[in-house]
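Heads up, the thing below is written out as structure tokens.
The values are calculated or read from the model by the stated rules, or taken from the named source; none is laboratory data. Given the structure is predicted, the values throughout are model-derived calculations rather than measurements. Every residue, glycine as well, gets a Cβ built from its backbone with ideal geometry; the counts of neighbours run over all protein chains shown.
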């Protein structure tokens, strides 16, 4: 239950219920459950069902399909953070004999390894994993369909390889490692590899008639790290809170931030659709918002977990049908409804506790050529460079401990901003990746590359 301080307004709750009610009816889903997370806690949950008197709650399990990949990615990042592997390592270094050992760990995480999207043989999601007992059975004779590292190409077998990598390095089954290192520490006790009652059954709804038939529920075997898990809205709400802020028992905030950073080359169609991929996480744009999370589907089930980090709103949507409501669209709408109806109230502005005179010397207006920029020092101790025209390159910078500042995003990410001082200690100019920023445009006497015209500024002769 939520506390009174955490509850959403009645109008917001009704709008959320209306959205999932429309999704369940128009998508013809046997049942649909959803939850909204804010401030790291569930602030709303709802459900709709076709069975009168049997409305599922937030403890009923649904199969979550490829959201499983995000859990597998967390395990791999843990191995990296412990120094047991590097993301740039070729797979062969840790898991020899696959036949695709030249691909790197990060290639697999970001779906840029060039591997086929699916396994050879019968539809793996609808047949027993015993038909594919070894990795060679999920890779087939032609595992690579694109050059390694050149493009994003979603690959389910790629995450089977990552699960096998986890098992090899840890010396234990993927499921056991996941339970010990992620599920138990985060309190996700209703997230399991096999369904545990109460759980929903998976259904196929006829596309041209309002009738249904059950879908088979198979153990995916070595493909489990790509899509095996069952979970609840309660557990996925907790998982969303973890993916937003990190948890030192599992993965640091810095590492989950790395997961949320684009890591794969995007095709033109993906760019047009506002889609990118990080390390086990999808990055999308909807309603003008950046959303991060993952969708999932297996025969009989649809799922989505998405986070609007700027609004501090996340949403989970689960349904038990093979096709029907678009889970990402519904989840994105839930985020939008809360963000627009009850916008986040920012923390009060507070000044810096101490002002460093050397840092204050840097703030104010600067020019790169004739482009005007403002440099601002914020309460978090970062410098922010912003074009005064509103358009152009911008970035925040953190101190590097040696008098310089390292760019954190955009064009200047990783680049060093160096204040260059005169003999009397005053700031002459800023050097940023060979670009010279001066207090006046093409300031006389400044070391602008190519020099400054001796006659200076003038009108038309």
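Observations on the structure shown:
- Selection from region 401-428 of residues that are in contact (Cβ under 8 Å) with a residue 12 or more places away in the chain and either outside the structural domain of residue 368 (by TED's automatic domain parsing) or on the phi > 0 side of the Ramachandran plot (or both): 403, 410
- For region 392-406, the tally of residues that are in a strand (DSSP E or B) and surrounded by fewer than 16 Cβ atoms within 10 Å (Cβ to Cβ) stands at 2.
- Some residue of region 67-88 being within 25 Å of residue 321 (Cβ to Cβ), modelled with pLDDT of 95 or more and in a loop (DSSP other than H, G, I, E, B): no
- Residue in region 390-401 that is in contact with a strand residue (DSSP E or B) (Cβ under 8 Å, 6 or more places away or on another chain) and more than 30 Å from residue 258 (Cα to Cα) present: no
- Residue check, residue 255 in contact (Cβ under 8 Å) with a residue 60 or more places away in the chain, under 23 Å from residue 105 (Cα atoms) and not in a helix (DSSP H, G or I): no
- When residue 293 is tested against (1) touching a helix residue (DSSP H, G or I) at 6+ places or on another chain (Cβ under 6 Å); (2) at pLDDT 95 or above; (3) outside any helix (DSSP H, G or I), just one condition goes unmet, and that condition is (1).
- Within region 258-275, the residues that satisfy the criterion of being within 14 Å of the chain's Cα centre (by Cα) and either buried (at least 23 other Cβ atoms within 10 Å of the Cβ) or touching a residue at least 60 places away in the same chain (Cβ under 8 Å) (or both) are 258, 259, 263, 264.
- Helices (runs of 4 or more DSSP H) lying entirely in region 148-235 (those with 3 or more residues that are in contact (Cβ under 8 Å) with a residue 60 or more places away in the chain and more than 30 Å from residue 268 (Cβ to Cβ)): 156-170, 174-178
- In this entry, residue 12 passes the filter for residues that are touching a helix residue (DSSP H, G or I) at 6+ places or on another chain (Cβ under 9 Å), surrounded by fewer than 21 Cβ atoms within 10 Å (Cβ to Cβ) and outside any loop (DSSP other than H, G, I, E, B).
- Note on region 346-376: residues that are in contact with a strand residue (DSSP E or B) (Cβ under 9 Å, 6 or more places away or on another chain), at negative phi and not in a loop (DSSP other than H, G, I, E, B) total 13.
- Scanning region 165-175 turns up one or more residues that are within 30 Å of residue 36 (Cβ to Cβ) and out of contact with any helix residue (DSSP H, G or I) (no Cβ under 6 Å at 6 or more places or on another chain).
- Being in the same structural domain as residue 268 (by TED's automatic domain parsing) and modelled with pLDDT of 95 or more is a property that does not hold for residue 131.
- For region 101-117, filtered to residues that are part of a loop (DSSP other than H, G, I, E, B) and either at pLDDT below 95 or in contact with a helix residue (DSSP H, G or I) (Cβ under 6 Å, 6 or more places away or on another chain) (or both), the residue that is farthest from residue 228 (Cα to Cα) is 102.
- Options 331, 339, 310; residue that is surrounded by 24 or more Cβ atoms within 10 Å (Cβ to Cβ) and either assigned to a helix (DSSP H, G or I) or in contact with a strand residue (DSSP E or B) (Cβ under 8 Å, 6 or more places away or on another chain) (or both): 331
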